[in-house]
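The values are calculated or read from the model by the stated rules, or taken from the named source; none is laboratory data. Keep in mind the model is a prediction, meaning the values are calculated, not measured. Heads up, the Cβs are rebuilt from the backbone with ideal geometry, glycines too, and the neighbour counts pull from every protein chain shown.
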Amino acid sequence: MAAWHPDHVFDFAAPLGTGQNVSHPVHVRGEGPPILILQELPGIGPETLDLADRLISAGFRIYLPHLFGTFGKITMTRNVLRMFCVRREFNMFLKGAQSPIADWMKALVREISDRESESGVGVIGMCLTGSFALTLMAEDAVLGGVASQPALPVFGRDTLHMSPEDIAAAHRGMKEKGPGLAMRFSEDRLAPSQLMRALERAFGEDLTTVEFTGKGHSLLTLDFHAPAYQRVEAYFAERFAGSAP
């Protein structure tokens, strides 16, 4: 693909859950209601940039923070190794609690809301970042969240990467704004069915879950599945339309 050029980039610094400050560049492109895309483990490669462009063409403004890896390339092995070096931000095995990066993400959605004239922000999380899209629905700034193939915690089976307090706050947000959306391929072992069932038990009718037939993993990027993308675009179009003054 051709080089992907954002309209602008800004560095965003905020504390982690541990209190340490971290900074990551945030790439911004497009016009319209804002959607935050949280990158997945392989990195921000051409497929993630294609997802951003699809949403931009549909009339959304994309915020794309670069959290790790080489921008524009897939570096799966290197990023897996890097995860063990940046545990101050991500803990892939943490059960019953969120990774410290969650607090940074909460601060970012508030920053995006302050920058935009819209009444809220949409969030897409994928794989490593999938569940964050749901817990961010606790934030006043967030109108809707999509968890695409949520995979944390690794080896967690039916234990969520959220505390009881995280679940309760996100559930209140869903009741107020409308359901969150969680999706996976039906035979995806990286985003296991036990985890989806745990999300359903936690959020009940306030979470819509969709399982598409197939053995792939990355519904919106590496294993692009058009019906899944269309579901996401329709979800945000409806959510932003419902929030219009």
Note to self: I'm checking my understanding of the structure. Among residues of the stretch 161-199 that are in a loop (DSSP other than H, G, I, E, B) and touching a Leu at 6+ places or on another chain (Cβ under 7 Å), which one is farthest from E40 (Cα to Cα)?
What the structure shows: P179
Check: Which residues, taken from the stretch 12-70, are under 19 Å from V142 (Cα atoms), free of Cβ contacts under 8 Å to residues at least 40 places away in the same chain and aliphatic (A, V, I, L, M)?
Finding: V28, I56, I62
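Restricting attention to the stretch 16-74, which residues are hydroxyl-bearing (S, T, Y), closer than 24 Å to V154 by Cα and touching an Asp or Glu at 6+ places or on another chain (Cβ under 8 Å)?
T48
If you check G125 against the conditions, is it touching a Lys or Arg at 6+ places or on another chain (Cβ under 9 Å), modelled with pLDDT of 95 or more and assigned to a strand (DSSP E or B)? Don't jump to the end; show me each part of the working.
On the way: touching a Lys or Arg at 6+ places or on another chain (Cβ under 9 Å): no; modelled with pLDDT of 95 or more: yes; assigned to a strand (DSSP E or B): yes.
No; evaluated as a whole, the condition is false for this residue.
Of everything in the stretch 167-195, what is under 15 Å from G145 (Cα atoms) and among the hydrophobic types (A, V, I, L, M, F, W, C)? Give them in sequence order.
At the first step, the residues of the stretch 167-195 found to be under 15 Å from G145 (Cα atoms) are 167, 169-184.
Within the stretch 167-195, I167, A169, A170, M174, L181, A182, M183 qualify.
Out of the residues in the stretch 3-18 that are assigned to a loop (DSSP other than H, G, I, E, B) and of a type outside the set (S, T, Y), state the one that is surrounded by the most Cβ atoms within 10 Å (Cβ to Cβ).
Pass one, the stretch 3-18, residues assigned to a loop (DSSP other than H, G, I, E, B): 3-7, 16-18.
From what is left, the residues that are of a type outside the set (S, T, Y) are 3-7, 16-17.
Numbers: A3: 6, W4: 17, H5: 8, P6: 16, D7: 12, L16: 19, G17: 16.
It comes out as L16.
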Notebook entry, point to check: Which condition number does A133 fail, the rest of (1) in a helix (DSSP H, G or I); (2) farther than 17 Å from T48 by Cα; (3) out of contact with any His (no Cβ under 7 Å at 6 or more places or on another chain) being met?
Noted result: (2)
